[in-house]
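Shown next, in structure tokens, is the structure this report addresses.
The values are calculated or read from the model by the stated rules, or taken from the named source; none is laboratory data. Computed from a predicted model, the values in this text were never measured in an experiment. Virtual Cβ from ideal backbone geometry, glycine too; neighbours counted across all protein chains shown. For accessibility, only protein heavy atoms count, side chains too; no ligands or nucleic acids. Shrake-Rupley method; radii C 1.70, N 1.55, O 1.52, S 1.80 Å.
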Amino acid sequence: MAGEPISAAKTEDTRAALDTLFHGGHERPAFYRSPIFALSVVLPTLLATLYFVVFASDVYTSESRFVVRSPTRPATSPLGVILSASGFSAAGEEANAVVEYVRSRDAMAAVDADGLVSKAYGPERASAIDRFGGPFGGRSREKLYQYFGRRVAIATDSTSQVTSLTVRAFAAEDARTINERLLCQSEALVNRLAERARNDAISVAETEVNVAQERARTAALTLARFRNRQGIIDPERQAGIQLQMISKLQDELIASRTQLVQLQVYTPQASQIPFLRTRIKSLEREIRDQTSQVAGAKGSLSAAAAQYQALRLDSELAEKLLAAALTSLEESKAEARRKRAYVERIAQPSLPDYANEPRRWRGILATLVLGLLVWGVVSTLVAGIREHRD
């Protein structure tokens, strides 16, 4: 058919193009003459060698270790005494706050207040490739924060609660200075948190004292107005006095009645009989009056005693609440005089003696090995395509 020669020609052209692409136009060149080998192994290795030998800047690492400690409260149980025998406990919230603060923009801004960060990672310290901004990076504040975040590492050991702070810079003194400033800023943060907590505790205690004082004052004034209005100091005591008076009057009434009966039986014509009758009536009337003042009438002492007891209980409760609020205020002030949390340095920021990065020969060798792996994978794929084509 007419189409078969054209198809064969196209197939031959395609084979020639593939040979040119994969073998440089030679029929079967050595692997080192292959463009794939040059692109995947030779070129990356040369670039890595050029970078690590010529352009890579020395990197110094300063490390410090610290723990955020907090005095423990007095234990109320034997088990609590055993568990808190050291007198201190790890302040987990403050430690987490320190970790988040070191990673924040505020921490970078505080350290870079005099331009230290910009200078430490600027052109004065590093090559054009490694420095902040680089050949293709921007120089905005946000870019500086991102760059700084890659040079600072902080982590807390969940078992020992020890926090490690690592700073990498292109000069040993810069790395230690940045580490020291971050620690100082972290200590200031913990102090601010503790100070605010103390102030809040004292403020709440003072508010409770003021409320308790006002309540006690109101209860005392209400009780005083009640006493003035009723004309009595203590209804219970006054009722007791009146009951004693009623008891005496009843004794006199009984004695008068007994005497009257005796006179009426033995001396009916005695002149004392009218007097005794008048006296008995007077005693009965007085007993009724005194009894009505104690109980039964609207303004009796028993009616006043119920209201008096309620007002007295309010006054006593207000006094107890005031005493408790004053005690709480004193405890808050005593607690405020103690430093609730602080940063205890276990290892001061180190001054590195030599640059531990970059590992130049390791980087070159890793690039070579990776290139060989890539070349092997690509060569395998090419061989597979060639076999499928053949």
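Excluding Arg150 itself, what net charge comes from residues whose Cβ is under 14 Å from its Cβ, given Lys and Arg +1 and Asp and Glu -1?
Local charge sum for Arg150: +2.
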Handout entry: Net charge contributed by nearby residues that have their C-beta within less than 12 Å of Ala366 (K/R +1, D/E -1)
Key = +3
Completion exercise
Regression test value, accessible area per residue of region 343-390, probe 1.4 Å, units Å², expected 73 Å²
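Counting other C-beta atoms within 10 Å, and keeping those with at most 13, which DSSP coil chymotrypsin sites (Phe, Trp or Tyr not before Pro) do you find in region 97-160?
The qualifying sites are Phe136.
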